Ligand code: TYD
């Protein structure tokens, strides 16, 4: 294993505090590269109960995501991976926004998610959701009760599991030869090329590429038949896989992207990535010190997991940043781990707008900036930390 980036020790990024002085556990955050399976992965994986005991990540009801669901639906149906009225099972379905979208399109849907509080919210929204981790045992129970799905989709959750083999083995149990597995994840190539070191946090244990996904699937008799890239979450990849059969058609994009990875994910690229992360740390620290010493006030926008990696790596705390703004009701009134910045609603932030917002949800930058301007605020400026520190 080769160490790519050492971000020191930090608390799990989604474990928000109820009080600013609440004690918290910190763990090492070190990214490594495995030359055998070509994967980027965390050196230390936390136990699921440490991460998901009281889970507060709620998929935002955002315009960007609604457009993404539409794009997914169109791609999967146009390429014949999902037939009308098929049965879609989503793992890590959170509050069920994608499944609600698919339900409206006439699909039969079922969610499975490990966080009890989040499952309740999905059910309240009319999405049938099982509260469990997906493994071989739960897969068999689902198959016996609901039948085999035509499509199993895992958006931004395979990487959150210390044992990805358990989920792929479950998929192999659940899918017959004509069904598809769709996995969406932050794409390692974008993470490295766009200096997105803030994508590294304890929940993100793996940073998949075409090459590493091919290796993982092969050990379960499955393979990739297609891939496509999408800008959500700072650059994500959608893998389309199935149980291997001789007459499968493999889209040419699979091999062309794998070849691009072979050329781009090199030792030199990893060194540049680490150096750029250190550069962002220096520039952001200098900028924030300069602005606060001139009397400007700064809030962060987005109580995001990635924001916590950024703040903690740069060493920013509530001494530097007054508030964190977030639209998620269950995050408001809590405090970010380590930096101990209080989370407030968008409405309160607009009522006492700061000079600068540090956009810790930079993946929604257009949507958030437009929202702030529509709320009548023409004054606040936005600091974007990634791919390099700049103000807009
Ligand atoms: P996300 O980008 O999914 O972050 P991560 O995966 O790093 O945790 O989360 C975006 C956060 O930003 C989420 O907590 C909701 C918040 N948000 C707003 O406060 N306002 C908005 O307009 C949008 C789109 C998101």
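Numerical summary
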{"quantity": "Among (1) at pLDDT below 95; (2) within 25 Å of residue 308 (Cα to Cα); (3) more than 16 Å from the ligand (Cβ to nearest atom); (4) surrounded by 20 or more Cβ atoms within 10 Å (Cβ to Cβ), the one test that residue 48 misses", "calculated": "(4)"}
{"quantity": "Of residues in region 324-333 being surrounded by fewer than 22 Cβ atoms within 10 Å (Cβ to Cβ) and more than 8 Å from the ligand (Cβ to nearest atom), the one modelled with the lowest pLDDT", "calculated": "330"}
{"quantity": "Hey, residue 79 over 15 Å from the mean Cα position of the chain (by Cα), more than 16 Å from the ligand (Cβ to nearest atom) and more than 18 Å from residue 306 (Cα to Cα) or not", "calculated": "yes"}
{"quantity": "Selection count, region 361-386, where residues are away from the ligand (no atom under 16 Å from the Cβ) and under 24 Å from residue 317 (Cβ atoms)", "calculated": "1"}
{"quantity": "Residue satisfying condition, being within 12 Å of the ligand (Cβ to nearest atom) and not in a helix (DSSP H, G or I), within set 343, 321", "calculated": "343"}
{"quantity": "Test set (1) in contact with a strand residue (DSSP E or B) (Cβ under 8 Å, 6 or more places away or on another chain); (2) within 21 Å of residue 288 (Cα to Cα); (3) near the ligand (Cβ under 9 Å from one of its atoms) - residue 358 fails condition number", "calculated": "(3)"}
{"quantity": "Criterion violated by residue 189 - all others in (1) assigned to a helix (DSSP H, G or I); (2) farther than 19 Å from residue 44 by Cα; (3) within 16 Å of the ligand (Cβ to nearest atom) satisfied", "calculated": "(3)"}
{"quantity": "Residue within region 251-260 that is modelled with pLDDT of 95 or more, touching a strand residue (DSSP E or B) at 6+ places or on another chain (Cβ under 8 Å) and closer than 21 Å to residue 164 by Cβ present", "calculated": "yes"}
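The values are calculated or read from the model by the stated rules, or taken from the named source; none is laboratory data. Note that the coordinates shown come from a computational prediction; the quantities given were computed from them, not determined experimentally. Here the Cβ is made from the backbone with ideal geometry for all residues, glycine too, and neighbour counts use every protein chain on show.
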